[in-house]
Amino acid sequence: MTAFIYWYLLIILLGWLTFPLAYYLFPALADRGYTLSRAFGLLIWGYVFWLFASLGIAQNDLGGLLLGLVILGGLSVWAFVKCKSEIIYWTRSNRRLILITEGLFFATFGLMAFFRAANPEIVGTEKPMELMFINGIMNSPVFPPRDLWLSGYSISYYYFGYVMASMLAMFTGTPATMAFNLMISLIFGLSAAGAYGILYNLLSMRQNRRLATERNVEDHSSNDTSLSSFLFPLFAPLFLLLVSNIEGFLDVLHRKGFFWQFKADGTATSRFWTWLDIPELRDVPAQPIRWIPERFWWWWRASRVVQDYDLNGTFREAIDEFPFFSFLLGDLHPHVLAMPFTILAVGVALNLFLGGWRGNIDLYFGQLRINKTGFFTIALVLGGLAFLNTWDTLIAAALIVFSYALVRVREADWGWERIEDILLLGIPLVVTAFVMYLPFYIGFDSQAGGLTPNFMYPTRGVQLWIMWGTLFIPLFAYLLYLWRTKTPTHWRAGIFTTLGILIALIVVMFLLGFLALRLRPELVMPILEAQGLNANAFIADSMARRLSYIGSLLTLLALLVPTLAFLFKSDVHSPSSFVLLMIALGALLILGPDFLYLRDNFGYRINTVFKFYYQAWIVLSLASAYGIVVLLQNLRGAAKVAFSVIFALVLVVGLTYPAIGIFSKTNNFKPPFGYTLDDFDRIQRENPDEAAAILWLRSAPDGILAEAQIIGGSYTSYGRISVYTGLPAVLGWPGHEGQWRDNALQGSRLQDIETLYTTSDWATAQEIIDRYNIRYIVVGNLERTTYQVNEDKFNRFLKPAFQQGNVTVYEVP
């Protein structure tokens, strides 16, 4: 509880410290960046601290953190002096917005912390890896921070979010095992406040334009102070963070036995569930029939509803996470850490769209209609997103540069020149963002390859709707409303642009396939041989499958065509243009992985679907929330009744998953050992001897340790000593290290660790110890069950520096 209060107070103070700077930098937003100020402040603080520590200007300690805060505070004081009277007036005039934002942040941060306290375990999936990053950063004497699972190397991953978590932990004196759960809760709260602010600003703009139109004046500063204008924006965090896909509702129907035909002999059949083809839901429901799913981790299936098969019917897993699943699971992965900062990027794009940062920058090859302050603010946010979760840069950069293009449309109308505007802003931004975060890229090594054609794995229409139905229904309803209200459209532009995008995707897919066949046959031929087909038959069968899955493509075209038709003819001063842009980008993010994916160690589209779908959820949930508010405010009579019923059904279906999932995950909020945010309590309870060794190593001098590791050790308890102590191990999870950098860097470490534990020859052991500069050798239950440990040599030549129960830590002199 004390740690939660410290974190809460620190973030509140950080938000208020940053607000004058946000007020100055976001002049076009109705909330002047107030709802984004916490995330913005954390980004600036984190950037200054990381940069100074990386350049050797500051240390990775409390002094370095204070220096970063002083610089942030100095910038904010400067902004306050420039805008003092305006800031004071705005604060007095917007008390209701401030109170609702503060209440929303406290409630979301606090409730998620309460939820995490009921299941704080940092075990399973990639949680140990994420804790490793936090502890590694907290215990790194210098930056770049060291990789605890590959001694002698620094982290080769987008680790900015873990720097932020480590900063907050060090500043408040919170152990990493508690900071992990507090950071998940904080991300939830920051995302809720940011999403609220985006919708508040959009609705404020819409209301102000309506009032200005009624008065027939160009007054865009009038404010709607009714309570509903502050409550309607709550739909944004609702749809972003709580509303989920349809799988949870289907799981309830399945558990209750709907659409099953039971026979007298106890067997059952179902055409419906067989047709859906979702694992577990294809199986006959367990007896007795109930309402609530009871199978172990039933809620996991919601993140795996898209089923990919090759042409031989071999299953390939696709990941289709959405935000509530992430918070239910409790993984502190980069795509989760980046969420409030992706929303911050949406705010940056919206400020640009609304006319903020007007000015001129003369470049050698053209002129930017934006001032230098705005340009470097955008670069800071974009670069930070690349450092947080590189995938998120795509949607953020696209939203920003296309928002700039819409600004240019206001000034010079549509034309091919808008492509020039996009490139004129986009290229310098990418270069500047890269330079601003250069120390990260110097040490970054990724196994990600180039674009790869996706012939075999289009998404089935029904599974697309299971994933996206709760957002698609409000979006289609909003587009139908725009059509029924005779909103101007440019159908030809919408149709031909959509077809052009589709044709481009198909052409690129075939072109990449042809080039791969010609230039890299060693990659292509094994795929063809595995399918038992030549290239022509492979393409024919793939296209036949695509036609049989046509529902997905038709759905996305039905979304994209009217969206672009309205966008090309829309009033570019209207917030609907920005919302339509978000819908278009979200649809493209879903459409893209059906034709192309980014090659990585997995060899198929698992990660591309995962990352693109997640980004699409962020922008489409915000757009859905906006559309719902517009419909609720403007529909009348039977249309309003019909939509209200549909909206209620969407909420019931979309909130079934979180309503049941939180009780399943927390054992009905009855944790067997009480509430706690510190996972180390579990370690002390389950393995007190090992917990004592970890505590001893935390206070011991710094050094490299050896602990058990095996092939396939990922997603297990291997690597646990380095994770909980912050001391680097010779090798952690080998599979993940192979994803982050060249596998060759691991060398013979895996075999050397085994030899170190099993050999009876001290000279051999000594050579391994010297090669990796090992200081501590851990011998516990996991080492003994993994290897046939020859402990006699350690006892003869080394000193047991710690011993309790079955755990011994040997220290090399």
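Mind counting the residues in region 527-542 that are touching a residue at least 40 places away in the same chain (Cβ under 8 Å) and at negative phi? Give the steps one after another, and end with the answer.
In the first step, residues of region 527-542 are kept if they are touching a residue at least 40 places away in the same chain (Cβ under 8 Å); the result is 530-533, 538-539, 541-542.
Cutting the leftovers down to at negative phi gives us 530-531, 533, 538-539, 541-542.
Counting residues in region 527-542 that are touching a residue at least 40 places away in the same chain (Cβ under 8 Å) and at negative phi gives 7.
Quick one: how many residues across region 252-278 are free of Cβ contacts under 8 Å to residues at least 60 places away in the same chain and within 30 Å of L199 (Cβ to Cβ)? Write out each step before concluding.
Taking region 252-278 and keeping what is free of Cβ contacts under 8 Å to residues at least 60 places away in the same chain, we get 253-274.
Now drop any that are not within 30 Å of L199 (Cβ to Cβ), which leaves none.
So the count comes out to 0.
Conditions first: (1) on the phi < 0 side of the Ramachandran plot; (2) open to solvent by 10 Å² or more (accessible area, probe 1.4 Å). F180 passes all but one, so which condition is the exception?
Status for F180: all satisfied but (2).
How many residues does region 457-501 contain that are of a type in the set (A, V, I, L, M, F, W, C), closer than 30 Å to N312 by Cα and open to solvent by less than 20 Å² (accessible area, probe 1.4 Å)?
Of the residues in that region, 4 qualify.
Limited to region 159-177, what total is found for residues that are part of a loop (DSSP other than H, G, I, E, B) and open to solvent by 30 Å² or more (accessible area, probe 1.4 Å)?
Filtering region 159-177 down to residues part of a loop (DSSP other than H, G, I, E, B) leaves 159, 173-175.
Of the ones still in play, those that are also open to solvent by 30 Å² or more (accessible area, probe 1.4 Å) are 173, 175.
Of the residues in region 159-177, 2 are part of a loop (DSSP other than H, G, I, E, B) and open to solvent by 30 Å² or more (accessible area, probe 1.4 Å).
Of everything in region 520-565, what is assigned to a helix (DSSP H, G or I), surrounded by fewer than 19 Cβ atoms within 10 Å (Cβ to Cβ) and small (G, A, S)? Give them in sequence order.
Result: A530, A535, A537, A540, A544, S548, G551, A558.
For residues that are open to solvent by 70 Å² or more (accessible area, probe 1.4 Å) and in contact with a helix residue (DSSP H, G or I) (Cβ under 8 Å, 6 or more places away or on another chain), scanning just region 286-302, find the one that is farthest from F663 (Cα to Cα).
Here the residue is R290.
Return yes or no: is G661 open to solvent by less than 10 Å² (accessible area, probe 1.4 Å), closer than 20 Å to W300 by Cα and assigned to a helix (DSSP H, G or I)? Lay out the reasoning, then the answer.
Working: open to solvent by less than 10 Å² (accessible area, probe 1.4 Å): yes; closer than 20 Å to W300 by Cα: yes; assigned to a helix (DSSP H, G or I): yes.
Spelling it out, G661 is indeed open to solvent by less than 10 Å² (accessible area, probe 1.4 Å), closer than 20 Å to W300 by Cα and assigned to a helix (DSSP H, G or I).
From the list V407, V431, V435, pick out the single residue that is among the β-branched types (V, I, T) and touching a helix residue (DSSP H, G or I) at 6+ places or on another chain (Cβ under 7 Å). Write out each step before concluding.
Details: V431 fails: touching a helix residue (DSSP H, G or I) at 6+ places or on another chain (Cβ under 7 Å); V435 fails: touching a helix residue (DSSP H, G or I) at 6+ places or on another chain (Cβ under 7 Å).
None of the others qualify; the one that does is V407.
For region 458-492, give me each residue that is in a loop (DSSP other than H, G, I, E, B) and at pLDDT 95 or above. Walk me through how you get there before you give the answer.
As a first pass, look at region 458-492 and keep what is in a loop (DSSP other than H, G, I, E, B): 458-460, 485-490.
Correct list: P458, T459, R460.
Taking L227, is it hydrophobic (A, V, I, L, M, F, W, C), at pLDDT 95 or above and open to solvent by 10 Å² or more (accessible area, probe 1.4 Å)?
For L227, the condition - hydrophobic (A, V, I, L, M, F, W, C), at pLDDT 95 or above and open to solvent by 10 Å² or more (accessible area, probe 1.4 Å) - is not met.
Counting only residues that are open to solvent by less than 20 Å² (accessible area, probe 1.4 Å) and outside any helix (DSSP H, G or I), which one in region 95-124 is farthest from K670 (Cα to Cα)?
I122
Please specify each residue of region 259-282 satisfying the condition of being surrounded by 13 or more Cβ atoms within 10 Å (Cβ to Cβ) and in a loop (DSSP other than H, G, I, E, B).
F259, W260, S270, D277, I278, E280, L281, R282, listed by residue number.
Of the numbered conditions (1) part of a helix (DSSP H, G or I); (2) surrounded by fewer than 21 Cβ atoms within 10 Å (Cβ to Cβ); (3) touching a helix residue (DSSP H, G or I) at 6+ places or on another chain (Cβ under 6 Å), L211 fails exactly one; give the number of that condition.
(3)
Considering only region 732-739, I want to know if a residue exists there that is in a helix (DSSP H, G or I), without any contact (Cβ under 8 Å) to a residue 60 or more places away in the chain and more than 32 Å from the chain's Cα centre (by Cα). If you could, list the steps in order and put the result at the bottom.
Step one: list which residues in region 732-739 are in a helix (DSSP H, G or I), which gives 734-739.
Next cut, without any contact (Cβ under 8 Å) to a residue 60 or more places away in the chain only: 734-735.
Subsequent filtering for residues that are more than 32 Å from the chain's Cα centre (by Cα) retains none.
No, that holds for no residue.
Say we look at region 596-643 and pick out the residues that are over 30 Å from E317 (Cα atoms) and basic (K, R); which of these is surrounded by the most Cβ atoms within 10 Å (Cβ to Cβ)?
Of the residues in region 596-643, the ones over 30 Å from E317 (Cα atoms) are 625-643.
The next check asks that each one be basic (K, R); those that pass are 636, 640.
Numbers: R636: 7, K640: 15.
Once the filter is applied, the top-ranked residue is K640.
If you scan region 140-157, which residues turn out to be open to solvent by 30 Å² or more (accessible area, probe 1.4 Å) and among the hydroxyl-bearing types (S, T, Y)? Before the answer, list the steps.
Initial filter on region 140-157 (open to solvent by 30 Å² or more (accessible area, probe 1.4 Å)): 141-142, 144, 146, 152-154.
Matches in region 140-157: Y153, S154.
Considering only residues that are open to solvent by 10 Å² or more (accessible area, probe 1.4 Å) and either touching a Pro at 6+ places or on another chain (Cβ under 9 Å) or not hydroxyl-bearing (S, T, Y) (or both), which ones fall in region 303-323? Give the steps one after another, and end with the answer.
Applying the first criterion (open to solvent by 10 Å² or more (accessible area, probe 1.4 Å)) to region 303-323 yields 304, 309-317, 319, 321.
Within region 303-323, R304, D310, L311, N312, G313, F315, R316, E317, I319, E321 meet the criteria.
Answer yes if at least one residue in region 240-258 is in a helix (DSSP H, G or I), modelled with pLDDT of 95 or more, touching a Gly at 6+ places or on another chain (Cβ under 7 Å) and surrounded by 15 or more Cβ atoms within 10 Å (Cβ to Cβ), and no otherwise.
Among the residues of region 240-258, at least one is in a helix (DSSP H, G or I), modelled with pLDDT of 95 or more, touching a Gly at 6+ places or on another chain (Cβ under 7 Å) and surrounded by 15 or more Cβ atoms within 10 Å (Cβ to Cβ), which makes the answer yes.
Determine the pairs where a residue that is closer than 21 Å to I466 by Cβ, located within region 322-351, has a partner that is of a type in the set (G, A, S) and not in a helix (DSSP H, G or I) with Cβ atoms under 8 Å apart, the partner being 6 or more residues away or on another chain.
Between residues of region 322-351 that are closer than 21 Å to I466 by Cβ and residues that are of a type in the set (G, A, S) and not in a helix (DSSP H, G or I), the close pairs are F322/S244; F324/S244; F325/S244.
Can you list residue pairs whose Cβ atoms sit under 6 Å apart, with the first residue in region 669-689 being farther than 15 Å from A176 by Cα and among the charged types (D, E, K, R) and the second being part of a loop (DSSP other than H, G, I, E, B) and open to solvent by 40 Å² or more (accessible area, probe 1.4 Å)? Count only pairs 6 or more apart in sequence or on different chains.
Note: pairs meeting the criteria are D689/G805; D689/N806.
Could you give every pair whose Cβ atoms fall below 8 Å, whose first residue belongs to region 20-32 and is farther than 16 Å from L202 by Cβ, and whose second residue is part of a helix (DSSP H, G or I) and of a type in the set (K, R), counting only separations of at least 6 or pairs across chains?
Y24/K82
The values are calculated or read from the model by the stated rules, or taken from the named source; none is laboratory data. Keep in mind it's a predicted model, so treat the numbers as computed, not measured. Note that we place each Cβ from the backbone using ideal geometry, even for glycine, and neighbour counts take in every protein chain shown. Surface areas here come from the heavy atoms of the whole protein model, side chains and all, with no ligands, DNA or RNA. Shrake-Rupley method; radii C 1.70, N 1.55, O 1.52, S 1.80 Å.
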